[in-house]
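Shown next, in structure tokens, is the structure this report addresses.
Laboratory data are not the source of any read-out in this text; all were calculated from the coordinates shown. Because the structure is predicted, anything quoted here is derived from the model rather than measured. Please note: Cβ atoms are built from the backbone with ideal geometry, for glycine as well, and neighbour counts cover all protein chains shown.
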Amino acid sequence: MSDAIQQIQKAIAGLDTRAGKSNVGTIVSLADGVAAIEGLSGVMMNEMIELPGGLQGVALNLAEDTVGCVVMGDISTLKEGMEARTTGRLLSVPVGKGLLGRVVDALGNPVDGKGPLASAERYPVEKIAPGIIPRKSVDQPMQTGIMAIDAMIPIGRGQRELIIGDRATGKTTIAIDTIINQANANRVGLASGDPKFRPVYSIYVAVGAKNSSIARTIGTLEKAGAMEFCVIVAAPAADNAANQVFAPFAGTAIGEWFMENGQDALIVYDDLSKHAAAYRQISLILKRPSGREAYPGDVFYLHSRLLERSARLAGKGSLTALPIIETQAGDVSAYVPTNVISITDGQVFLQTDLFNQGIRPAVSVGLSVSRVGSAAQIKAFKQVAGKVKGELAQYRELAAFAQFGSDLDAQTKGVLDKGDRFVELFKQPPNAPKAAEIQVALIWAMQSGYFADIAVKSVQAAAAALQTHLESAKPKVLGRIRLGEKIDDAGAAELKSACDTWKRSFKA
Amino acid sequence: MTPAAARSEAKRLLALSLQDGTVAPDRVAAVIEALARRHPGHELRPLLRAYLGAVRREVARAEARIEHAGPLSAEAAKAIAGHFSAALGRPIRPVAARNDALLAGFRVRVGDDVTDLSASGRLERLARSLA
């Protein structure tokens with residue numbers, strides 16, 4: 001109680017008793033989440049507007065006589081003739097470690113019922129991206145825990161890697177698995193006491209998703225113990241379009257706090273297709289000229305200025321972005337998908353055909369790419385997985401001849417058999433990311449021929465058995481791999497010994 | 001007539017309605033009469049609406065609307081308007097309106113700019129700083 005009294009006394013002592021000055025206007029029309037306000041002669045672009053009833057808006061259209069203000073909240077409480085005033089501030093959100101484990105809306109207000117946020121700082125939602133000089137090249141791995149991605153489409157800290165595919169192909173699952181993997185790695189790394197270990201904090205921005213989907217995602221993250229390292233920014237489908245437009249920027253501001261304070265963060269935008277649709281809605285209501293597919297002319301700039309804020313900074317931290325785009329009927333040449341593909345540093349392309357064939361995650365290795373590449377892989381991974389992509393490309397070329405199995409030469413058959421086993425090895429259940437050292441060991445075993453005489457349908461079970469054996473029998477070798485060491489002769493010998501032991505006891 | 005054309009025309013008509021820098025009622029009446037003669041009905045409504053908006057804004061610019069709690073003498077109102085005239089470099093006339101919700105002090109609006117010296121305004125700023 002005395003703290004509260006002291007706080008009030010301090011505020012009274014520090015109160016500015018000079019005249020309060022503001023710039024006001026009158027609401028002349030309200031429609032579809034946008035208020036047209038007459039007056040506000042001193043308003044600036046993107047300035048926050050204070051509306052009656054504690055509502056806030058953002059000035060997005062500065063016309064000759066009126067200001068188009070996007071209302072961030074329930075517009076039904078407003079009426080024509082009400083007064084609005086400028087605040088002199090840009091839209092900002094609370095940031096800091098106090099947001100970890102919390103669910104907030106696009107304005108940074110907590111919506112999880114766990115009380116106020118423990119946050120002392122606020123960052124602006126819109127900010128100019130870092131320039132060229134402050135950036136550093138991406139050479140630290142961001143392990144997703146998904147073998148198909150970490151082996152062949154490696155992502156680095158500070159990279160923007162797009163996850164693109166049709167509906168229900170596993171895009172969100174890949175993002176959630178990545179978040180869970182960061183949490184798992186954080187726990188191991190922080191427990192080890194390694195001073196060089198850098199945890200990765202995650203921000204999941206849900207735009208236009210169903211409330212039930214967001215609730216399910218939160219449940220999955222809580223079950224995996226990942227929420228303590230994660231912030232959720234929720235702008236569900238029931239929210240107004242303004243909240244859906246600003247949510248990704250709010251999430252980026254939260255991620256920038258970690259980056260500016262020398263830490264690493266990962267942000268998932270799920271998904272930018274709905275984000276573009278919300279922006280289109282707002283722009284059409286503001287009567288801005290529409291272009292291709294009725295999107296406004298600056299829809300590219302909407303995403304480019306968002307994604308350019310994810311970077312690795314010299315002397316500071318990094319912000320890795322995993323934007324998600326939903327395609328229609330696999331059309332990657334549509335407007336918004338091509339925009340985001342050209343902005344990002346690569347894409348993970350998920351195909352419905354592969355998903356239906358049971359290849360999950362349904363990553364199309366041929367169409368997926370990481371422009372950072374092996375620069376973002378640990379040494380051991382580069383050692384074992386360097387040739388996998390090429391081998392699988394060769395496998396796909398030869399797979400057309402698989403129906404003529406009896407007429408193939410031994411080498412071709414070998415390539416096909418190995419390819420079949422690799423495809424099977426890369427299948428992974430959802431919410432079960434694999435640690436990097438386990439992935440390296442499994443791929444090493446595959447490359448060394450330990451799976452050659454195991455039936456394709458038994459490869460998954462064999463890999464699980466091998467993983468269990470390695471974790472119990474060879475934790476030191478795994479530990480060295482995890483710390484980024486190459487597999488030297490001694491390490492290879494230890495792996496060989498472990499695999500021999502496992503193989504002797506494994507029954508397919 | 002497009003809204004942009006109506007706004008542009010309304011600006012021109014406003015310039016014709018001013019005398020010594022302020023809106024003159026007789027000139028406004030003359031402008032309206034001339035408009036009614038020259039423009040057909042479907043063009044007249046948007047034009048009049050735009051003109052009304054322009055006149056309203058110009059009148060608001062020339063007025064210091066003083067909301068006060070408690071009594072405010074005519075001299076005090078004149079002094080307040082005089083202060084804004086000097087600051088803005090144009091004649092401002094006072095218009096007083098009682099508003100007891102301010103608790104004490106007064107609030108002055110000239111055009112879109114509000115200067116708040118009321119007790120309720122200060123309490124609001126205090127509440128915002130504590131939030």
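Among residues other than A:Asp298 whose Cβ falls under 12 Å from its Cβ, what is the net charge (Lys/Arg +1, Asp/Glu -1)?
+3
What are the radius of gyration and Dmax of region A:91-181, computed over its Cα atoms and given in Å?
16.7, 43
Would you look at the GNM of chain B, springs on alpha carbons closer than 10 Å, and say which of B:Asp100, B:Asp116, B:Asp20 moves the most?
Of B:Asp100, B:Asp116, B:Asp20, the Gaussian network model singles out B:Asp20 as fluctuating most.
In whole Å, what are the Cα extents of region A:20-174 along the three principal axes, biggest one first?
Projected onto its principal axes, the Cα set of region A:20-174 covers 61, 39, 36 Å.
Mind giving me the nanometre distance, one decimal, between the label points for A:Ala473 and B:Ala29, set 7 Å out from Cα along Cα→Cβ?
Calculated label separation equals 10.7 nm.
Can you tell me the mean projection area, over all orientations, of the convex hull of the protein assembly as shown's alpha carbons? Units nm², please.
Result: a mean projected hull area of 37.9 nm².
For a quick check: sort A:Tyr204, A:Tyr301, A:Tyr450, B:Tyr51 by the number of other beta carbons within 10 angstrom, fewest at the front.
A:Tyr301, A:Tyr450, B:Tyr51, A:Tyr204
Using a ≥ b ≥ c from the Cα gyration tensor of region A:349-433 (square roots of the eigenvalues), is it rounded, prolate or oblate, where a/c under 1.5 gives rounded and otherwise the larger of a/b and b/c decides, a/b for prolate?
Because a/c hits 1.5 or more and a/b fails to exceed b/c, region A:349-433 counts as oblate.
Ordered by residue, what ³J(HN,Hα) values in Hz, to whole numbers, does region A:113-120 give under the Karplus form 6.51 cos²θ - 1.76 cosθ + 1.60, where θ = phi - 60° and Gly and Pro are x?
Each residue's phi maps through the Karplus curve to give x, 9, x, x, 7, 8, 9, 9 Hz.
Taking every Cα atom in region A:333-383, find the radius of gyration and the maximum pairwise distance Dmax, and write them in Å.
Computed over the Cα atoms of region A:333-383, radius of gyration and Dmax are 13.5, 39 Å.
Can you give the convex hull volume per residue for the Cα atoms of region B:33-74, as a whole number of Å³?
Given the Cα convex hull of region B:33-74, per-residue volume reads 107 Å³.
Out of B:Arg93, B:Arg49, B:Arg107, any idea which swings most in a Gaussian network model of chain B, alpha carbons joined below 10 Å?
B:Arg49
Starting from the eigenvalues of the Cα gyration tensor, five times each then square-rooted, give me the equivalent ellipsoid semi-axes of region A:436-508, largest first, whole Å.
20, 11, 11
Under the rule of at least 5 residues apart or a separate chain, name every residue whose amide H is placed under 5 Å from the amide H of A:Arg160.
A:Ala321, A:Asp345
Would you kindly give the portion of the calculated P(r) for region B:31-131 that falls above 24 Å, as a percent of all Cα pairs?
43
Could you check the spin-label model distance between A:Ser212 and A:Asp453? Points 7 Å from the Cα along Cα→Cβ, value in nm.
Taking the two extended label points, one gets 5.1 nm.
If I take all pairs of Cα atoms in region A:108-160, what percentage of them are more than 16 Å from each other?
Pairs farther apart than 16 Å: 67 percent.
Taking 2.2 N^0.38 Å as the expected size of a compact globular protein, what ratio does the Cα radius of gyration of region A:58-101 give against it, to two decimals?
1.59
What percent of all Cα-Cα pairs in region A:278-353 falls in each 10 Å bin, counting up from 0?
Per 10 Å bin, starting at zero, the Cα-Cα P(r) for region A:278-353 comes out as 16, 41, 30, 12, 1 percent.
Once you put a point 7 Å from the Cα of B:Ala87 and another 7 Å from the Cα of B:Arg37, both along the Cβ direction, what distance in nm separates them?
4.4
Going by alpha carbons, how many degrees (0 to 90, nearest 10) lie between the helix axis of A:410-425 and the longest principal axis of chain A?
So the helix axis and the longest Cα principal axis differ by about 40 degrees.
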